[in-house]
Every structure is written in C-alpha cells, then in structure tokens.
1. For a Förster distance of 22 Å, can you work out the FRET efficiency between the beta-carbons of residue 155 and residue 295, rounded to the nearest 0.05?
2. Given 240, 343, 66, which one lies farthest toward the positive end of the charge dipole of the chain, if we put +1 on the Cβ of every Lys and Arg and -1 on the Cβ of every Asp and Glu?
3. Which value, in debye to the nearest 20, describes the size of the charge dipole of the chain about its Cα centre when Lys and Arg Cβ atoms bear +1, Asp and Glu Cβ atoms bear -1, and nothing else is charged?
4. Would you calculate the volume per residue, in Å³, of the smallest convex hull containing every Cα atom of the stretch 343-446?
5. Can you find, among 269, 312, 289, the residue farthest towards the positive end of the dipole of the stretch 258-346? Put +1 on the C-beta of Lys and Arg, -1 on that of Asp and Glu.
6. Starting at 0 and stepping by 5 Å, how many percent of the alpha carbon pairs of the stretch 263-368 end up in each bin?
7. Report the paramagnetic label zone for residue 145: residues of the stretch 78-101 whose backbone N is under 14 Å from a point 7 Å from Cα along the Cα-to-Cβ axis.
8. What is the P(r) of the chain, as percent of Cα-Cα pairs per 10 Å bin from 0?
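Every read-out reported here was derived from the displayed coordinates using simple, explicitly stated rules and does not represent laboratory data. From a predicted model like this one, the values you see are computed outputs, not experimental measurements. As a convention, Cβ positions derive from the backbone with ideal geometry for all residues, glycine included, and neighbour counts pool all protein chains shown.
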Amino acid sequence: MFLFIISSSGCFRRNMILPAILVTFVACNAPPVPLDDIVIEKTFTPERCDRMVKSGDFVRYHYIGMFPDGKKFDSSYDRGTTYNVFVGRKQLIAGMDKALVGMCVNERWMIKIPPQLAYGKDGYGDIIPPDSILHFDVLMLDIWNTEDKVQIKTYHKPESCVRTVQVSDYVRYHYNGTLLNGTLFDSSHTRLRTYDTYVGIGWLIAGMDQGLLGMCVGEKRIVTMPPFLGYGENGDGSDIPGQASLVFDVILLDLHNPKDEITVEVQSLPDHCPRKSEVGDFMRYHYNGSLLDGTFFDSSYSRNRTYDTYIGKGYVIAGMDQGLLGVCVGEHRRIVIPPHLAYGEEGTGTKIPGSAVLVFDVHIIDFHNPSDIVEITSVKPEKCIYNAKRGDFVKYHYNATLMDGTYIGSTCTYDVVLGAGQVVIGMEQGLIGMCVGEKRRLVIPPHLGYGERGVDGEVPGSAVLVFDVVLVDLEEGLPEGYMFVWNSDVSPNLFSEMDKNKDAQVDITEFSDYILQQVKEGKGRLAPGFDPQRIIQNMYDNQDRNKDGQITEDEFKLKADEAASHDEL
C-alpha cells in the first residue's frame, strides 16, 4: 500500500512511495457531503470470529483504495502481496488506524475516511489530491500480537492415554497447514505420508515443537502460532508469506523415545500355569498386529494358522523375541514394540511405515522345547496288580485336545500293542507302567507326537498334544521277539502231529489248524493285538526255508534250536 513504505533502516515512513506505484491520477473533486468521521460498511462478516483487531496488533490485509467516484488509486492485489503493519502505532493514516480496530479475520469492510483523518489539505503528491475522501475495500487475513503464544485447542482425545509426547520423543503425525484465513498451504494427507520427526530439540519450527508436547496418540488438536514462532518475516519462500500466522490441524499417530524398551500388558492368564516360556522354546501363537493408532497391518487369524517359531534366538524381531518370554500357555498379552526393536526407520515398505511403533495382541497356543519329554500326571486305582510294559496289548479310552483346549478327537476303546509302533512315540511312553483303571494326562511335545507336519485337517504342525487316558483292559504280551509261545512242554512229535495226511510235508492249512488248536486248548499263545492269520503265515514262512510252499522235517526247527534266528517255533 502506498500509505507507508519501509525504509532501508527498517522503519515505517509516511512521506515516501515506491517508484513502482508513482502513477499520475486525475484529481477527484471533493464529495458533495463531507465526512466528519470514518464510516464503515460491513460487506462480509464471517460466522465465526475468534479474535478482533486491537490496538498494538500486527495485521495482514488486502485492500483496494478508491475515490468516492469509484476510481482506484491503489491496490495490494495488483502488487500480489498483502499489506502488513502494526495497528495503533501511527504507521497508518489516522482513519485507517482507527477503522481496523474490531475487524475479524476474513471480514470485509468498506471504510470511508474523511480528509482530516487521511492526507488532509496537502494530499499526497500527484496521487491523492488535497481534501480527498478515501474509500478502502479491506479484507482482513491475519492478526497477531508480539505477546502471543502458541494456542492449542484439543477437539478429540482418546479414552485411554497411556503416554503423552515429551521432549526428545520421536513422533509420526498427519496435519493440514493453513493460514489464519483458512488458505491451505500444505498437507501430509495429500502426500499420503506422515510427518516424522523428533520433538522439542529444534527439528521443527518453534510453535510446532511446543504445540505437539503433551499429545496422546489418537488426539486431534488445532495448533495456532504467530509468525515469530513459525516462519517469521520471510515466510517459507513459496506458500507461506512473511509475517503469517499458521494453523495446524494435527492428529498424532505414533510416538516413542529412542530409549524405549518394549512394554507388556498381560490381559488374561490361565488358572494353571505349570511352566513359562524360556529362550530356545518353540512356540505357536496367534496375533493381531496394528500400529499405535490402531491401524491393522497383519493377523495370523486371517490366515487361520498360528505363527510358529523359536523364541529368544533371533527368528523374530527383537521386540517380539523379548515379549514372548515368560508367557503361559493360554495367556493373552499385548506387546508394544518401539521401531528400533521392530522394523526400524525403513519399515517393511508396504504395510508397516518407517519408524512405526507396533502393537501385537498375542494369544499363546502352546510351546515346547526340543528337549522336552512326555509330561505325565496320574491318578492310580487303589489296587494296581500289574503295570503295562512293552509288548502288552492294552485297551484304553482317551480324549485328545491341543494345549489351548481345541478338541482333536476321542474314542470309547482304542487297542494297541505297546512297543509295536501303532501309536505316536509319546503315547507309547505315556501308557507304559499303567494299571487297569488308572487315569493319566499325557502332555506330548510334537517331536514325540505328529511332528512339524501334524495331521492334515486334524492336528496342526508342531502342536503339543494333551491326552486324557483311562486304561480299561490289558493282556500281557509275549517276550520281545516272539509272536507265539508254548504254555506247556513242546511235544517231541510236533512235526508228525502237524502232518495230518502223513505225506512227510506240512502245508499252510495243516500248520494253521494245528497252531490254532494249541491256542484253543491253552497249550500255546499268539501275540495279542495282531491278526492271528498273519502271525501264523509269518511263522510258516520262517519255517519254509526253501520257499517251495511246503515244510519238511529237515526244515522244521524250534526257536530254541536257532542260534541267531527269531522263529516263532
């Protein structure tokens, strides 16, 4: 505005104008009705007015200067810059100094100033004739005071606020930056990327350094700052003009401190916890992973499969390695991991941004150690006459679950020969030594169960199994290596007794009929739990040494006669 020009010494002066605006105007005649005082016509008043101009405030405004007949003599719009000045310090003509008091940002007034409050009888060179009434169409854009401080208005605060921003914290936030009149100059939202920085150590403009302190993750606040706490007299050289107040609409998404460790919140514990996880354990767990503001990034539940890994050995991020130690099977816990113990400054490049704090809600399904053995808890009957051993034929009931209680299966009666490899190793070990009527709970680690592969559709890979077993019946087995034994002395005419047709050869029918007759009469026993015909066929094949389908007396031998063979006879 031609009214006041900043001299080279930085002071405002009334008696100079820039050469660029030394334009000769046709003098205007004085209005027919002289003004005694300023006249203000409010052409636009905003609905909201947080602040009005007071004497001593610094203002930025646009204007068009006209004579009463509408002829323009000056305009800030034509120069492409606002007029910036203190009000009430005689840096303006008296009428403008008076008229601007009480204006709001975005308010527009038509101000009419009589000559005695403008340039009076002298006028202003060739531009303002003597005794001219001046009209100014003014749009107020900015107001601040040298006494101003950062103003903070929180308009949303989360229900839970465990921690607030402190000096030296590292934060990630989104913002919209506007001038005081609402003009947008920048937005992190449009870049689809948070602004990430340290707070309180000079990495930000002073007003933002102050305005972020005390914020909670998820909090939304408006931070308003005067230019001397923003970009000062020169602005940023592009979108922010000099001497501009700034308004930031901020939502805080994340904060941590480089000194942070993980935090663990135990959300639920099982009633019984016989053991807690240690370094070197292999664990199966479910999790939901989110950022600190709740943004979801991954879940094992969505894949319908646990995450299976060794813990404490570097197979997972450092924070998770730490957070999974000391847990119980069935425990739910929340693990909050700062970025330097997670994916660091780079993030994952997809769902996890750089410098992101991670939150894992974890449910421990099971864990074991490769050195684990079968864990047995037992309730024995009052009388226990005989304990099951290898080779015995046992019948038992069971209910099977995973460690988290997930049902796998059950049976009324399950028959098995101990030591014959008919069940998983852990079950064989767990059944050894049982009495009829005894109840046991067997906890079987996967390397003694179904291993890393599990059973498709039934038992997950690397799953710890829990069997509740009741032994209902038991038949003593034969000595190891035998499928048939005699209960009495062996007949010295054994071969001839088998050779019913007396052809000096024993075929499979003669052999089978004889053995079954001995079992029926109690003179011999077949190994319990196996198909008798398969046992007999195996016995026969062992005696048929030349494999011609017949046994001769020369071929026929008792087991006692064999030095290194395991024939049944």
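1. With R0 = 22 Å, the Cβ-Cβ based efficiency is 0.60.
2. Positive-most Cα among the choices belongs to 66.
3. 3600
4. About 159 Å³ per residue, rounded to a whole number.
5. Most positive-ward Cα: 269.
6. Each 5 Å bin holds this share of Cα pairs: 2, 13, 22, 27, 20, 10, 4, 1, 0.
7. Only 87-89, 101 pass the distance filter.
8. For the chain, the binned pair fractions read 3, 13, 14, 11, 10, 9, 8, 7, 6, 5, 4, 4, 3, 2, 1, 0 percent.
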